[in-house]
Amino acid sequence: VQLQASGGGSVQPGGSLRLSCAASGSTFSNNVMGWYRQAPGKQRELVAYIVVNGLTDYAESVKGRFTISRDNAKNTVYLQMNSLKPEDTAVYYCKYSSRGYNYWGQGTQVTVSS
């Protein structure tokens, strides 16, 4: 499975960004896709995940601001990020999990700064 993430960039506090991650290759119909982030000097942390049936969960720090969604026909997961804060600055990674295997995207930088 290969993952291609896109959509990162720089934005002012309060702004919005939308990340996308497309999975290709030997994908499986039963999977979980999610977003993680890693800020400088910190460990990678879960941001949100979505199961193929639409079940979602979010980190407390992003609840009410971020929305994860997916298009199963396109094997693509999205992360809509609103009301961005400087502490959201990080490299964002998408993850695809199925049948006990985990695959990671290359990461996309999100910078929130005035």
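The values are calculated or read from the model by the stated rules, or taken from the named source; none is laboratory data. As the structure is a computational prediction, the values presented were derived from the model and not from experiment. Every residue, glycine as well, gets a Cβ built from its backbone with ideal geometry; the counts of neighbours run over all protein chains shown. Note: areas computed on protein heavy atoms with side chains; ligands, DNA, RNA excluded. Shrake-Rupley method; radii C 1.70, N 1.55, O 1.52, S 1.80 Å.
Give just the number: which of (1) in a loop (DSSP other than H, G, I, E, B); (2) touching a Ser or Thr at 6+ places or on another chain (Cβ under 8 Å); (3) not hydroxyl-bearing (Ser, Thr, Tyr) does Gly15 not satisfy?
Condition (2) is where Gly15 drops out.
Just one of the numbered conditions (1) at pLDDT below 95; (2) touching a strand residue (DSSP E or B) at 6+ places or on another chain (Cβ under 9 Å); (3) more than 13 Å from Ala5 (Cα to Cα) is not true of Gly107; which one?
Among (1) at pLDDT below 95; (2) touching a strand residue (DSSP E or B) at 6+ places or on another chain (Cβ under 9 Å); (3) more than 13 Å from Ala5 (Cα to Cα), the lone unmet condition for Gly107 is (3).
Give the number of residues within the stretch 24-47 that are out of contact with any Lys or Arg (no Cβ under 9 Å at 6 or more places or on another chain) and either among the acidic types (Asp, Glu) or assigned to a strand (DSSP E or B) (or both).
Keep residues of the stretch 24-47 that are out of contact with any Lys or Arg (no Cβ under 9 Å at 6 or more places or on another chain), which gives 24-27, 29, 39-43.
In the following step, the residues that additionally are either among the acidic types (Asp, Glu) or assigned to a strand (DSSP E or B) (or both) were identified as 24.
So the answer is 1.
Would you pick out the residues in the stretch 34-85 that are closer than 18 Å to Gln4 by Cα and of a type in the set (Gly, Ala, Ser)?
Gly34, Ala48, Ser69, Ala73
Go through the stretch 72-90 residue by residue and tally those that are open to solvent by 10 Å² or more (accessible area, probe 1.4 Å) and either more than 13 Å from Ser24 (Cα to Cα) or not β-branched (Val, Ile, Thr) (or both). Walk me through it before giving the result.
Taking the stretch 72-90 as the starting set, the residues that turn out to be open to solvent by 10 Å² or more (accessible area, probe 1.4 Å) are 72-76, 78, 80, 82-83, 85-87, 89.
Still in the list and also either more than 13 Å from Ser24 (Cα to Cα) or not β-branched (Val, Ile, Thr) (or both): 72-75, 78, 80, 82-83, 85-87, 89.
Within the stretch 72-90, residues that are open to solvent by 10 Å² or more (accessible area, probe 1.4 Å) and either more than 13 Å from Ser24 (Cα to Cα) or not β-branched (Val, Ile, Thr) (or both) number 12.
If we keep just the residues of the stretch 91-106 that are more than 17 Å from Thr67 (Cα to Cα) and touching a Lys or Arg at 6+ places or on another chain (Cβ under 9 Å), which is surrounded by the fewest Cβ atoms within 10 Å (Cβ to Cβ)?
Asn102
Under the condition of being within 13 Å of Ala90 (Cβ to Cβ), of a type outside the set (A, V, I, L, M, F, W, C) and modelled with pLDDT of 95 or more, which residue from the stretch 10-40 is least open to solvent (accessible area, probe 1.4 Å)?
The selected residue is Arg37.
Cβ-Cβ distance below 8 Å, separation of 6 or more or different chains: which pairs start in the stretch 34-53 with a residue that is without any contact (Cβ under 8 Å) to a residue 24 or more places away in the chain and over 16 Å from Ala23 (Cα atoms) and end on one that is basic (Lys, Arg) and assigned to a strand (DSSP E or B)?
If the second residue must be basic (Lys, Arg) and assigned to a strand (DSSP E or B), the pairs left are Glu45/Arg37.
Any idea which residue in the stretch 19-48 is nearest to the chain's Cα centre (by Cα), counting only those that are within 21 Å of Gln109 (Cβ to Cβ) and of a type in the set (Phe, Trp, Tyr)? I'd like the intermediate steps shown before the answer.
Pass one, the stretch 19-48, residues within 21 Å of Gln109 (Cβ to Cβ): 19-23, 33-48.
Now drop any that are not of a type in the set (Phe, Trp, Tyr), which leaves 35-36.
Numbers: Trp35: 3, Tyr36: 6 Å.
My answer is Trp35.
Out of (1) in a loop (DSSP other than H, G, I, E, B); (2) surrounded by 12 or more Cβ atoms within 10 Å (Cβ to Cβ), what's the single condition that is false for Ile50?
In the conditions (1) in a loop (DSSP other than H, G, I, E, B); (2) surrounded by 12 or more Cβ atoms within 10 Å (Cβ to Cβ), Ile50 misses (1) alone.
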